[in-house]
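Below is one structure, written out as structure tokens, with a few remarks after it.
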Amino acid sequence: MGLPDPCVVTSQTSAQRITSLLQRLTTLGGQSASYYIAAALVAGFVITVSEFIEHTVEDDVEHQLFGTDWNFTWQVNAPLNTVGELTVEDTADDPLAWWSNEQLECVLRDLKPAHTHLLFAYT
């Protein structure tokens, strides 16, 4: 069943592990924005989901210009959890700073359909 879940950063009690197992056995899955919002909420995060649609000649001139690849791209808007900064132990190839929410990203990347691209935007 893939447990313990690699996205869980803390050790779990026996009761929590049993709950995780029952969730794995009974969860049906989904591909809707509401499914991912609910999955993030179970992990303890409140998010919103933005979806993109390609621009066509029938669209209004104010519609953003997205190509066909954007039909398979979606964005999670979430609160900022982790800020990393370059240290003396890093290399010149490493960024000066980075922003993420490692646990949330792990959970949603594990659940997302393989053919989609997932972006994260932090506030």
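The values are calculated or read from the model by the stated rules, or taken from the named source; none is laboratory data. None of these values were measured; they are calculated from a predicted model. Using ideal geometry, Cβ is built from the backbone for each residue, glycine included, and neighbour counts are taken over all protein chains shown.
Here's the yes/no breakdown for (1) closer than 30 Å to M1 by Cα; (2) free of Cβ contacts under 8 Å to residues at least 12 places away in the same chain; (3) surrounded by fewer than 10 Cβ atoms within 10 Å (Cβ to Cβ); (4) among the charged types (D, E, K, R):
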{"site": "T26", "(1), (2), (3), (4)": "yes, yes, yes, no"}
{"site": "I53", "(1), (2), (3), (4)": "no, no, no, no"}
{"site": "E62", "(1), (2), (3), (4)": "no, yes, yes, yes"}
{"site": "D69", "(1), (2), (3), (4)": "no, no, no, yes"}
{"site": "W74", "(1), (2), (3), (4)": "yes, no, no, no"}
{"site": "A78", "(1), (2), (3), (4)": "yes, no, no, no"}
{"site": "A92", "(1), (2), (3), (4)": "no, yes, yes, no"}
{"site": "H117", "(1), (2), (3), (4)": "yes, no, no, no"}
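Could you tell me which numbered condition S34 fails, if it satisfies all but one of (1) surrounded by 10 or more Cβ atoms within 10 Å (Cβ to Cβ); (2) out of contact with any Cys (no Cβ under 6 Å at 6 or more places or on another chain); (3) within 18 Å of L119 (Cα to Cα)?
Among (1) surrounded by 10 or more Cβ atoms within 10 Å (Cβ to Cβ); (2) out of contact with any Cys (no Cβ under 6 Å at 6 or more places or on another chain); (3) within 18 Å of L119 (Cα to Cα), S34 violates only (1).
Give the residues of the range 36-50 that are in contact (Cβ under 8 Å) with a residue 60 or more places away in the chain and part of a helix (DSSP H, G or I), sorted by residue number.
Y36, A39, A40
Of a type outside the set (S, T, N, Q), within 14 Å of the chain's Cα centre (by Cα) and not in a loop (DSSP other than H, G, I, E, B), is that true of A114?
no
Hey, among L80, L108, L119, which residue is out of contact with any helix residue (DSSP H, G or I) (no Cβ under 7 Å at 6 or more places or on another chain) and at pLDDT 90 or above?
L119
Would you be able to say whether some residue in the range 87-94 is more than 22 Å from the chain's Cα centre (by Cα) and of a type in the set (G, A, S)?
yes
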